[in-house]
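Trainee: I'd like to ask some things about the structure below.
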Amino acid sequence: MLRLPAACCAILYDSFSHRFVIQRNAGLKFSKQEYFQGLKAECETIRYINAAILGGSFSRSTHEALILSVLCMASNTRDETVWLRQKFSPFNAPLKKLQCLDIYGTLVLHPAHAQGLIRLVQLHGGLKKIVTVGLAAIIS
């Protein structure tokens, strides 16, 4: 799955987004260089996803890697207002910061990427056709 450049870039973008939120929640600033590295990862991911889709037919594993890539894009956003909507986590679990429930429990999917994710899953034949362990469960 990680042989597909889109999946590698999407996971890198996911990491930048996660780090951005962790730093913001801790009151730390993101340097301009870090910000632009995250932006570059986002743009590269979109470019690779588009190239793979426009490239025509692809294997089941490539299709599932694209689904994972678009899922990463849908669950992360550079729109800071999404992260600021929820000042307090609705979760009161022990170790919630360690589990990142305070971050991932308040996510709002990016609408354009969420629509693309739904369409990719439909083209694949639905969630039941996804064989990559855990991927269908995360999406549902």
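The values are calculated or read from the model by the stated rules, or taken from the named source; none is laboratory data. Every value quoted in this text rests on a predicted model; they were computed, and no experiment measured them. With ideal geometry, Cβ positions are generated from the backbone for all residues, glycine too; neighbour counts draw on all protein chains shown.
Trainee: Would you mind finding the one in Tyr48, Tyr35 that is at pLDDT 90 or above, part of a helix (DSSP H, G or I), closer than 16 Å to Asp14 by Cα and more than 12 Å from the chain's Cα centre (by Cα)?
Mentor: Checking each option against the conditions leaves just Tyr48.
Trainee: Hey, any hits in the range 110-121 for a residue that's more than 13 Å from the chain's Cα centre (by Cα), modelled with pLDDT under 90 and more than 18 Å from Leu39 (Cα to Cα)?
Mentor: Narrowing the range 110-121 to residues more than 13 Å from the chain's Cα centre (by Cα): 115, 118-121.
Now narrow it down to the ones that are modelled with pLDDT under 90: none.
Taking every residue of the range 110-121 in turn, none turns out to be more than 13 Å from the chain's Cα centre (by Cα), modelled with pLDDT under 90 and more than 18 Å from Leu39 (Cα to Cα).
For every residue, the table says whether it meets (1) in contact with a strand residue (DSSP E or B) (Cβ under 7 Å, 6 or more places away or on another chain); (2) more than 15 Å from Leu120 (Cα to Cα); (3) without any contact (Cβ under 8 Å) to a residue 60 or more places away in the chain; (4) basic (Lys, Arg).
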residue	(1), (2), (3), (4)
Ala6	no, no, no, no
Lys40	no, yes, yes, yes
Glu44	no, yes, yes, no
Ile67	no, no, no, no
